Structures are given as C-alpha cells and as structure tokens.
Amino acid sequence: MSRLVVVSNRVGPVRESAKAGGLAVAIVDALRAQGGVWYGWSGDVTPEGTHGMLKTEQAGRISLVTLDIDEADYEGYYAGFSNRTLWPIFHYRLDLAQFDRELEKSYWTVNERFATRLFPMLQDDDVVWVHDYHFLALGSNLRAMGARQPIGFFLHIPFPVPEVIAALPGHAALVRAMLAYDVIGFQTKRDARAFIRYFEEEFGGIASEDGYLTVQGRTVRVGAFPIGIDAETFRKFAMSPEAHRQGRRLKLSSEHRCHVIGVDRIDYTKGLVERFRSFSRLLEHYPENRGHVSLLQVAPASREDVDAYVDIREELERITGNVNGRFSDLHWTPIRLITRPLQRRSLAGLYRACQVGLVTPLRDGMNLVAKEYVAAQAEDDPGVLVLSRFAGAAEALSAALIVNPYDIEETAEAIQRAVIMPLDERQDRWRQLFDKVQTEDIRAWYATFLSALRAAGRDSRDPIPEF
C-alpha cells in the first residue's frame, strides 16, 4: 500500500488524537492504517524559521515532521494573510479583511518554502493530502518542482461565491494554483458549486455531471466530502465518569430547569452576539421561561491579537451583564459565560445534560459541535438541536430546527419550540440526526476522499497549464 503524506498547518497529537478531536482523529487513523508522514508547522517561532532543522518524531508507523517559522512569517503568512485576509473573505466578511500585498507575498513565500522542504522527502508512490486555507498554493509549488504523485486538497472552511472572492487582490493566481491538486474537496455541495462557478465565470471552465472540472486542458475532481466525528468514541465520552460528574454538577446547580448550551471559540463567524440577543428575546417574548431556562455558553478565547476578537468578547460580556441584570433572581442566572476551554469528556457530559443545543454560526465550513451534541444525547430522552442554515452541517442534519441566525426573532422562536417539544418528536428527530452522524462519520470521510484521490491520480506526464 502506498504511503500517505498529510500536510496541515498544525501537526499532532497522535497518542491522544481522540481528545483533540476532528481532524486529528481522521489523520491518525489513516496514517496508522498505511503508514506515512504528517508534515506541517511546529507551532514554534524561531530566528531560523523555515530555514532551520526539520523536527522529526516517530509514533509507530507515523513520522511527525515539523518546521518552524520566523517572526516575519508569523506576522505575514499566518496572522496576516491566512487569518486577517483569507479567513474573513472565505467567511463572507469583506468588511474585516485586510488587503496588503506584503502579506500576500509572505503567504506565497511560506507555501513555497514548505513545499521545498517537503519535496525531497516524497517517494514515487506516495499519496499527498494537503489541508486547509494555509496551504492553498503548496500543491502548485510541488508540481513546479516536479512532483508527480497524486495530490489532493481539502478545505475545512467555506469557499465563497465568485462575487466575494473576486474582491481579493490577486485572487486569480491564488485560486488557479489550486488546479495543481487532483482532487479538491469541500465540506458542502454549496461550497463545491461556488468553486466550480468561479472557474466557469473567470476562465470558461466546464463542469461535468460526475464531478470533474476542466479548465483550459486541466481536469480535476471537485466534490463535497463532509467531515464527521468519531461518533462511537464521543458517545462513550458522554457516558464516562467525568461526563457524569459534569452533568450532575449542572443539574444540581439548577434542578428541574431547562439548559441551553453553546460551545464555540470566540470568533466573529460563530454568531455569538446574535445568539445572546436571541436568548434575551426569548426571555422577553416568552416570560414563562424566566427562572426556568438558562444558557450555558462555553467560549474559549482565540486569536486575541486580532482586534475583532477582543471586540466580540467585550460585547458578549456586556450583553451577559445586561441580560443577567434584567432577568436574574437569587436562584437563577439566565446566561453563564465560560471563556476557558473544557476537556472533551466534560463537554460530552454537558451536552448530554442540556435539553437544547444551540449551534448558530453566521458561516461555518461544517461545525462538528452540532454532530457532537447529537452523538452525546440519551436515546430515551434526547435534546433538540437548533442549527444555523449557514453551517455546513445543516446540509445533512435537516432534522434539526434550522434557523437564520441573523433573524433574532426566528431564532428565539426556535429555542422556544425546542424547549417545549414533546418527547416523541424529540426522539424522532434525534434518530434521524444520529443516523446521519453515524453514517457520515470521520472514517467514512477520509476513506471516501482518499479513494477519490487514488482514483483520480493524475498522469504525471501531463504538465500543469500556465494561465
């Protein structure tokens, strides 16, 4: 069996991948099955940067190979172009995007350096799988160096419609560089269609019904490969002693009350401000919930060096204080905001103890919290998932209560519907949701993608066209 080479911005962990969740579980499973290399940034910023020594660690059949970056690369490639330019644009927030040619130059340079250090490690029969927006151009650099292996790419965040990505200076060079990949995967059919539309409108590309896109003689496979979770393991987490302790603590602190839970890192894409306003509207319009329904929001801080994230945290704290000041009493607090991360077993216990899961991002590639909430529920008395139509998960989890997170009234009404939903309807919806979560799990995701990549492995003699 050919060796798998995975490229992602961060690498590991291997031994405790289930605790890390999501991507780590899938990569470790795939690499353990056939052996290979996991390559990416070490997370360290050093003076030597990408010119320094490769760091290598062996974990069974898996080689972890990482590279440092320097301060200029961190500011330009990572904090700059990746997270201040691509992240907001791909999440439809042009108003927050920073357009700077120097940041773009740093991004291209770092992609080229990572490809340069990877290329000598590749073996002829390797299969290369590149992940996410940090390395959109890495495949084209490998091809320019002569790489002939099958190379696939998966985007974990949304891909914007042509009208949005065209606002990015230099968009044509960046997006067409993605044609170096043999298979390009997205979370949803909507994202795949947006990518295809871009090439149809900008370069006269032609898409076939079986998922192939041809652009000026180059044909690539484009499709939706929705990522899942390790449903079985997470369900076990929800029944672990630590999960039971967390759930029991929550119930003892507010017995006979209904709990609504949200779990998101602080980010302007997650719709947290709109969510808090919707919960406030619930208490205004449905006063019977006062003293009975509370919102527990777990929101670890992220990217605190970006002003937009600091502003969101301050706004959440302001709304929390306002709502609690208006509605709380001696025995009940409407909103509890936790800004530190919790262990996954603890989260699983909280999911299971909460009657409503509130997952309302303004835009999200998939959102695995929605799938984790479903997996954690008790079959005999499951909770209700309220889910944003703009989360990738909504494409499969249609049995949830689907809402427009920008519509404060609609979301408040959906929370109310979830709170009072009869048991038989809750059970019926949960069974449909859990069937999807089980079927489209993390292993099905990587197996389907890698199968498509092997099938579409390009003829190495065909050059990547110049545009």
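The values are calculated or read from the model by the stated rules, or taken from the named source; none is laboratory data. Keep in mind that this is a model prediction, so the values were computed, not measured. Quick reminder, even Gly has a Cβ in these numbers, built from the backbone with ideal geometry, and neighbours come from all protein chains shown. The area values use the complete protein model at the heavy-atom level, side chains included, leaving out ligands, DNA and RNA. Shrake-Rupley method; radii C 1.70, N 1.55, O 1.52, S 1.80 Å.
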Arg197 vs. criteria open to solvent by 10 Å² or more (accessible area, probe 1.4 Å), touching a residue at least 12 places away in the same chain (Cβ under 8 Å), assigned to a helix (DSSP H, G or I) and touching a strand residue (DSSP E or B) at 6+ places or on another chain (Cβ under 8 Å): no
Residue match in the stretch 173-186 (condition: hydrophobic (A, V, I, L, M, F, W, C) and open to solvent by 40 Å² or more (accessible area, probe 1.4 Å)): no
Filter pass, Arg93 being within 19 Å of the chain's Cα centre (by Cα) and of a type in the set (Lys, Arg): yes
Residue in the stretch 50-62 that is open to solvent by 70 Å² or more (accessible area, probe 1.4 Å) and over 29 Å from Leu453 (Cα atoms) present: yes
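Here's the yes/no breakdown for (1) at pLDDT 95 or above; (2) surrounded by 15 or more Cβ atoms within 10 Å (Cβ to Cβ):
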site: Val293; (1), (2): yes, yes
site: Pro300; (1), (2): no, no
site: Glu317; (1), (2): no, no
site: Asn322; (1), (2): yes, no
site: Asp329; (1), (2): no, no
site: Thr333; (1), (2): no, yes
site: Arg344; (1), (2): no, yes
site: Cys354; (1), (2): yes, yes
Residue, nearest to Val110 (Cα to Cα), within the stretch 15-58, restricted to residues that are aliphatic (A, V, I, L, M) and at pLDDT 90 or above: Val45
Neighbours by Cβ (under 8 Å, 6+ apart or cross-chain): first from the stretch 116-144, open to solvent by less than 60 Å² (accessible area, probe 1.4 Å); second among the charged types (D, E, K, R) and modelled with pLDDT of 95 or more: Ala137/Glu112; Asn141/Glu112
From Ile266, Ile312, Ile261, Ile319, residue being at negative phi and assigned to a loop (DSSP other than H, G, I, E, B): Ile266
